[in-house]
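The values are calculated or read from the model by the stated rules, or taken from the named source; none is laboratory data. As the structure is a prediction and not an experimental result, all values here were calculated from the model. Note that each Cβ is placed from the backbone with ideal geometry, even for glycine, and that neighbours are counted across all protein chains shown.
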Amino acid sequence: MITRWSNSLMFRLVTYFLLISLASTIAVGALSYYLARESLTQSVFDRLTTIANLKESELKRWVNEQTEEVVFIADTPELQTAVSQLVPLVTNDIPPTDPAYQALHDDIQARLVNLANHKESISEIFILTSVGGKIIVSTNPEHEGLYRVNDTYFRKGKFETFVQNVYPSPLTGKPAMTISTPLFDSEGKKIAVLAAHLNLSEMDEIVQTPESLAETGESYLVDKFNVFVSSERFGRIEFPRGVHTPAIDAAIQGKSGYGLYQNYQGEPVIGAYRWIGELELALLVEQNEAAALLPAQRVAITIGIVGGITALLLAIGVYLLARQIAQPILTLTETAVLVAEGNLSTLSPITSQDEIGLLATAFNKMITQLRTLYSGLENKIQELQQTEAALQRYAHRLETLHEIDRALLTAQSPHEIANAALIHIHTLIPCHRSSVTIFNFAENQAEIIAAHGNTIPGLLPGTKFSLENNSLLKDLQQGTPHVISSPESMEQDTSLSKEVLRSGLISYINFPLLWQNQLIGSLNLAGKTADFLNQENINIGQEIANQLAVAIRQTQLLEATQRQLKELSLLHAVALATTEATDENSLIEKATEAIGSILTPHNFGIMLIDETTGSLKVMPSYRGVPEKNARQYLPKGTGITGYVAQTGRPLRIGDVTQDPRYYNADPAVRSELCVPLIVNDHPIGIINIESTQKDAFSAEDETLLTTLAHQLALGIQKIRLFNQTQQEIERRRRIEKALREARDHLEMRVSERTAELTLLNRASQSLITSLNLEDVLTTVLEELRNLLDVVACSVWLLDEQTNELVCYQSSGPQGEQVRGWRLPANKGILGWAVQNKTSVLTHDAQQDTRHLRDLDEQLPLQSRSLLTLPLIIHGRVIGALQAIDDHPNRFTDSDRELLESLAATAAFAIENARLYNLARKDAQTKATLLKEVNHRVKNNLSAIIGLLYAERRHAKIKDEAIYQKIMNDLITRVQGLATVHNLLSASEWTPVLLTDLVNQLIHSTIRTLPASKSVNIIISPSPIRITAEQANYLALVLNELVTNSIKYAFNDRNHGQIIVNITQNQQNIRITYQDDGPGYPPDVLRAENPRHNVGFHLLYNIVRNSLNGTFTIQNLQNNGQTGAVAIIEFEQLVQNVTSPQPV
């Protein structure tokens, strides 16, 4: 192998290229696999963490829903009523066989079974006694009668709604979860405990492995005892002491996170774990590590296969190229060896027309000439010398070509390759200037990457020029060199030719650089004469051009690969920063460092749009801007950065000095690339890079920076959303804390205030329900002592005649002795409170100069704390209320406010009691007087009726019939007045019910008929009431109408009927009186001579003048029926207050 290495040029060439290709392929594959593995691992972490978060939220929501269901069941009124009836039976040891017990038990059990059947999440509902924890009703009858007094859910559930997280059930030995809550009766009294065992199969469904991990992963729950909660894993015999993995142990310790570890089966997994503190459960979501990272392995294998194939193809190409270069030399060497051995009959085969072919031809000629050596030695020696010189030139040429090959193999960039070739090309071709140009058809530009020889100002290395309308491209694209051999033809060529001509060069040739028939550039040679443009030099130049094309293309591919690796590294760095950064500044700092390390611009950095001002804010990590030109804020629209931020479109400027939009922050800058940071089609900032070279940035740089900007914008948006979420969470936490504190304080105040208001309400009710002054004062003092728990208290009332305060009631030591004491209304703290109408809170009476200390000497009590409140009614002081305690600082402002309310109520109650006593005495006096007046009026009316009867019996008058008629009318009218008087007296002269008045008047008048006659009376029910005055006038009217019916309608008949219909028309009362007699005479209907009919004349006057109404009469004739109808209509003065009652 060593001999072959040293003796075979072709072997060395192939080996070199193959090793370089394999090394590049292995490096790219290893790096790609590493990056892909890291990216996939982080992606799996994120996905598993998201799944864990979702399942945690679902578990908490499920437990909250079950808790609300149990509370809802406990609040069911029917269940509360039934349990409140059953519990006393259980407490009194009534046997379950008792019919009442059995009925209540079956009713409750049926309700619970119905609820359990409709709630799949509940496996059992049962009720326990609040004392002893006995199960009295359960949806599982086997558990009834058991005692669960030591179970946590019973002990906690007696006082509040409690969720006992997963625990081993003492009944089944399996994991269980129980919710309990107190059960109250309708009055809010706790009577029992309602508990429910949850069906954990629904928890299994929530936690079950998601479809995305069905084949390669799983999710499960473990309790704080390292026991599986999932039913399918519970009780596994391979874990007698609980299941332990790094993730499970960390989660049970209260930690949450993710990582690579071995699961409980010993398999490597990628997992995320959460400790759910509220449920005391560890939630784990895991995926097999090998399955998760399988895409990374596939990427590495694919890169390895593609690299191997590429290396193999490259080796074959290098082998063919080396064979093409080395084989003619080897053949010529073998022929030379034979000639050296004296075999002059051997000729070297001619396989090409290049330098090696010429060498073979010359060598063959040399052999031919050697054959005639012996005929002309001198000529042969001379020819031999010429041949030796030619061989030396060929050897030098081959050596130079070999040097070029070695230089091409060691060069690392197109620039180095071109410079290495140009250094040696002048030793082979006598030209005065050489250069290499690379074509970029994507941008329609060409660039001179290297030059050697004469300097041409317009064609220096780095010069770029357009390829449009370039005449040399046509020849070069066809693989033909482009030759200019005279100044005349040069002037007719491109503007570049004129630059060459002005430098003193009159001829040049362009060799195409072709790689796989693709034109990538040109090798350019120029001279001051056209002597170097022979075919040999053209062949040499073309061969060197071919070598350059292969070498340059390989380095371009290598540079492209390296650039892609750098771009991937940059994107990975930014992606990693996006994942790790917790704030915008750190993310932008890391992104800026990555951009600087990969692209190495002159000035570079990131600016963000200030949402308040709309200006661009230069971030602190911005690099390379001189301090004197740096600005913290740039208005949107100012400069190239402002333009990009405003339009949202990237901008690549090759020469900023030619762009009027450029803001000259750094005079050294020549080119600039600026891309926007866009989120949801809205620019939030820009990435800007600048260089001191013209056209320093390519379209690839723009694409890379745009991709980076998109990734960075998403990262910034993610951080902003995260920060907003954190701020919102923190704000809500503060609000919740404040609300909890306010709620606790409010509940405490409400509890205190409720107790105070309850006592105050009870005191108020007690005061309101009694009008006895003695009872009122006793109640005031009792409630005062209950409210404040004081030593003594007293009530003092003001005697306005003597201007003294009199103690009407007192409680405490020597209360009987104090009762009846009198104090001047302007002395002491009591007097001060009464005079100023202001309550007085005295923390220590012994330090108050207003206190009457001689009172303490008369009592076995030293007053320290005093609370004195004036009793005020309608702005008038009627007394004072005082509470006394023997400890200083006993009362507070809250006590004063509370007692002021009690004092206000007590003042009204005391005043009402006093007024009631006065009113009761006045009412008793008035009732006695009214009773006496009514008795005298009734006796007087009876006396008048008796006198009229006597007069009717004993009077001797000539026209006795008329006299008797007049007397009867008078008696009837007076009886009507007596009936009304009796009715008004019974109602104590308040408005009377019109129906009762009509009914009594008609029956009173009908009683004058003989017993042989009967009258059917029909009166429509009505709620209408009338005043006492209206009742008097209406009694005269109705008495007259009934009397008229008796005289004319029932005179010759034994049966009759009277119908009275009472209605209301807006504000008027309408009474329709009707009998079934023959009707009114025509003269009465025509109102002829009304003065002759005293009754109707009286009716008209009473209704019109006294009732302010109308009176009309008419006859009824309908279908053979007859009758007299009278209609009375007058104004209603009393509102109806009762519903109508049938008569």
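For the range 441-456, check the following and say yes or no: at least one residue is under 28 Å from ALA699 (Cβ atoms), of a type in the set (Phe, Trp, Tyr), touching a residue at least 12 places away in the same chain (Cβ under 8 Å) and in contact with an Asp or Glu (Cβ under 9 Å, 6 or more places away or on another chain).
No, the range 441-456 contains no residue that is under 28 Å from ALA699 (Cβ atoms), of a type in the set (Phe, Trp, Tyr), touching a residue at least 12 places away in the same chain (Cβ under 8 Å) and in contact with an Asp or Glu (Cβ under 9 Å, 6 or more places away or on another chain).
Please list, ordered by residue number, the strands (runs of 3 or more DSSP E) wholly in the range 579-669 having 3 or more residues that are under 37 Å from the mean Cα position of the chain (by Cα).
Numbers: elements: 603-609, 616-618, 651-653.
Filter on the range 579-669 gives 603-609, 616-618.
How many residues, within the range 431-446, are of a type outside the set (Val, Ile, Thr) and within 17 Å of VAL500 (Cβ to Cβ)?
6
Taking LEU568 as meeting all but one of (1) within 60 Å of the chain's Cα centre (by Cα); (2) at pLDDT 75 or above; (3) of a type in the set (A, V, I, L, M), write down the number of the exception.
All conditions pass for LEU568, except number (2).
Within the range 102-128, count every residue that is in contact with a helix residue (DSSP H, G or I) (Cβ under 7 Å, 6 or more places away or on another chain) and of a type in the set (Gly, Ala, Ser).
The total comes to 1.
Can you tell which of LEU830, LEU871 is touching a Gly at 6+ places or on another chain (Cβ under 9 Å), closer than 22 Å to THR779 by Cα and modelled with pLDDT of 85 or more?
After ruling out the rest, the residue left standing is LEU871.
Looking at LYS474, LYS498, which one is closer than 28 Å to SER698 by Cβ, over 60 Å from the mean Cα position of the chain (by Cα) and at pLDDT below 80?
One residue alone meets the criteria, LYS474.
Within the range 856-871, does at least one residue satisfy the condition of being touching a Leu at 6+ places or on another chain (Cβ under 8 Å), small (Gly, Ala, Ser) and under 20 Å from ASP799 (Cα atoms)?
No.
Give me the pairs, please: first residue somewhere in the range 518-546 and in the same structural domain as VAL436 (by TED's automatic domain parsing), second residue anywhere and in a helix (DSSP H, G or I) and surrounded by fewer than 17 Cβ atoms within 10 Å (Cβ to Cβ), beta-carbon distance under 7 Å, and either six or more positions apart or on two chains.
Filtered contacts from the range 518-546: LEU519/GLN477.
Can you tell me which condition ASP107 does not meet? The list is (1) within 42 Å of the chain's Cα centre (by Cα); (2) surrounded by 13 or more Cβ atoms within 10 Å (Cβ to Cβ); (3) assigned to a helix (DSSP H, G or I), and all the others hold.
Just one mismatch for ASP107, condition (1).
Looking at (1) at pLDDT 80 or above; (2) exposed (fewer than 15 other Cβ atoms within 10 Å of the Cβ), can you tell me which one ILE51 breaks?
Failed condition: (2).
May I ask you to list the residues in the range 653-668 that are surrounded by fewer than 18 Cβ atoms within 10 Å (Cβ to Cβ) and among the β-branched types (Val, Ile, Thr)?
THR657
Can you tell me how many residues in the range 1042-1083 are surrounded by 15 or more Cβ atoms within 10 Å (Cβ to Cβ) and either modelled with pLDDT under 75 or among the acidic types (Asp, Glu) (or both)?
2
Give me a count of the residues in the range 590-602 that are touching a residue at least 40 places away in the same chain (Cβ under 8 Å) and either outside the structural domain of GLN726 (by TED's automatic domain parsing) or surrounded by fewer than 21 Cβ atoms within 10 Å (Cβ to Cβ) (or both).
Residues meeting the conditions: 2.
Say we look at the range 504-531 and pick out the residues that are surrounded by fewer than 17 Cβ atoms within 10 Å (Cβ to Cβ) and assigned to a loop (DSSP other than H, G, I, E, B); which of these is modelled with the lowest pLDDT? Steps first, please.
Taking the range 504-531 and keeping what is surrounded by fewer than 17 Cβ atoms within 10 Å (Cβ to Cβ), we get 504, 516-518, 528-531.
From what is left, the residues that are assigned to a loop (DSSP other than H, G, I, E, B) are 504, 516-517, 528-531.
Values: GLY504: 73, GLN516: 83, ASN517: 84, LYS528: 82, THR529: 82, ALA530: 79, ASP531: 79.
Within the range 504-531, the match that is modelled with the lowest pLDDT is GLY504.
Given (1) at pLDDT 70 or above; (2) in a helix (DSSP H, G or I), where does THR346 come up short, assuming only one miss?
Among (1) at pLDDT 70 or above; (2) in a helix (DSSP H, G or I), THR346 violates only (2).
Quick check on LEU587: is it buried (at least 20 other Cβ atoms within 10 Å of the Cβ), among the aliphatic types (A, V, I, L, M) and at pLDDT 75 or above?
On the way: buried (at least 20 other Cβ atoms within 10 Å of the Cβ): yes; among the aliphatic types (A, V, I, L, M): yes; at pLDDT 75 or above: yes.
The answer is yes for LEU587.
Looking only at residues in the range 367-420 that are modelled with pLDDT under 70 and hydroxyl-bearing (Ser, Thr, Tyr), which one is farthest from the chain's Cα centre (by Cα)?
Among those that are modelled with pLDDT under 70 and hydroxyl-bearing (Ser, Thr, Tyr), it is SER375.
I need the strands (runs of 3 or more DSSP E) fully contained in the range 115-173, keeping only those with at least 2 residues that are touching a His at 6+ places or on another chain (Cβ under 9 Å).
By residue number, 122-129, 135-138.
Within the range 565-572, is even one residue among the small types (Gly, Ala, Ser) and in contact with a strand residue (DSSP E or B) (Cβ under 9 Å, 6 or more places away or on another chain)?
Checking the range 565-572: not a single residue is among the small types (Gly, Ala, Ser) and in contact with a strand residue (DSSP E or B) (Cβ under 9 Å, 6 or more places away or on another chain).
Given (1) touching a Gly at 6+ places or on another chain (Cβ under 9 Å); (2) surrounded by fewer than 17 Cβ atoms within 10 Å (Cβ to Cβ), where does PRO1021 come up short, assuming only one miss?
(1)
Hey, among ALA282, ALA290, ALA300, which residue is small (Gly, Ala, Ser), part of a helix (DSSP H, G or I) and buried (at least 17 other Cβ atoms within 10 Å of the Cβ)? I'd like the intermediate steps shown before the answer.
Details: ALA282 fails: part of a helix (DSSP H, G or I); ALA290 fails: buried (at least 17 other Cβ atoms within 10 Å of the Cβ).
Of ALA282, ALA290, ALA300, the one residue that is small (Gly, Ala, Ser), part of a helix (DSSP H, G or I) and buried (at least 17 other Cβ atoms within 10 Å of the Cβ) is ALA300.
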